[in-house]
Amino acid sequence: TRQLIGIVKREADRMNGLVSQLLDYARPRSMMATPLELDVLVRDTVLVFGQDRSFPGVNVQQAEAGAPVLVNADPEQLRQVVWNLIRNGAEAMPDGGNLHISVRAVPASPELPAHAELVVKDSGAGIASDDIERIFDPFFTTKRRGTGLGLATVYRIVADHQGTIEVSSTPGSGAVFTVSLPLVELP
């Protein structure tokens, strides 16, 4: 009976997660943007993620930003972006590995205005070149139990914040997700 109850609880939790993801994607929250320190939000999210025992052997490392990196963003939505990227990276390393996260302010160049950059790099199996074009599409997944909504939600939130997200990967060498967001302009 205990074993059956455990299975039912796990499946109920899985279904709850699926419904929550679907609702987050289908019914986006209104954005409540405020100036925030992206590096602090990332650090706090990494700290919470470190308490999740679902990914044994995954070593999450965050590089120090040095100076505060200020963006104008909805903290809950941006936290969801960071959480989804960290979780995807961890899921890409079922046997463990290293997940590197960094945040920095990138000065303006002739091609780009100044912006904040969040980089999440895993040491997993990488993403097949045929799949890279589709990973941000709703309901596209290569995971056996995936919903295909995590990265689609990330893409939508980043776009709503006037940012961009790029991915690069070499099969067998992991993946790198780079999120760029406008910096808060200080007077």
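The values are calculated or read from the model by the stated rules, or taken from the named source; none is laboratory data. The structure displayed is predicted, hence computed values, not measured ones. Cβ coordinates were reconstructed from backbone atoms using ideal geometry, including for glycine residues, and neighbour counts include every protein chain displayed. Just so you know, the surface numbers come from the protein's heavy atoms only, side chains and all, with ligands and any DNA or RNA stripped out. Shrake-Rupley method; radii C 1.70, N 1.55, O 1.52, S 1.80 Å.
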Asserting the computed 222 nm helical MRE of the chain (DSSP H runs at least 4 long, -39500 (n - 2.57) per run, divided by residue count, to nearest 500) equals -12000 deg cm²/dmol
On the accessible surface of region 77-187, probed at 1.4 Å with all protein chains in place, carbon and sulfur together account for a percent value of 52
Longest principal axis of the chain (C-alpha) makes with the long axis of helix 150-160 (C-alpha) an angle, in degrees to the nearest 10, of 20
With V176 itself left out, Lys, Arg at +1 and Asp, Glu at -1 over residues whose Cβ is under 11 Å from its Cβ give -1
Env charge @ D137, Cβ radius under 12 Å, K,R +1 / D,E -1, value 0
Descending accessible area (1.4 Å probe), largest on the left, turns H100, H115 into H100, H115
For Cα Rg over 2.2 N^0.38 Å, with candidates (i) 1.21; (ii) 1.06; (iii) 0.99, the value calculated from the shown model is option (ii)
Two pseudo-spin positions, 7 Å from Cα along C-beta at T178 and at Q3, lie apart in nanometres by 5.0
For the chain, longest principal axis from Cα atoms; helix 75-91 axis from its Cα atoms; angle between them, nearest 10 degrees, is 60
Expected max-MSF residue from V154, V58, V82 in the GNM of the chain (alpha carbon, under 10 Å) is V58
Computed over region 53-187, protein heavy atoms only, probe 1.4 angstrom, the accessible area per residue in square angstrom equals 54
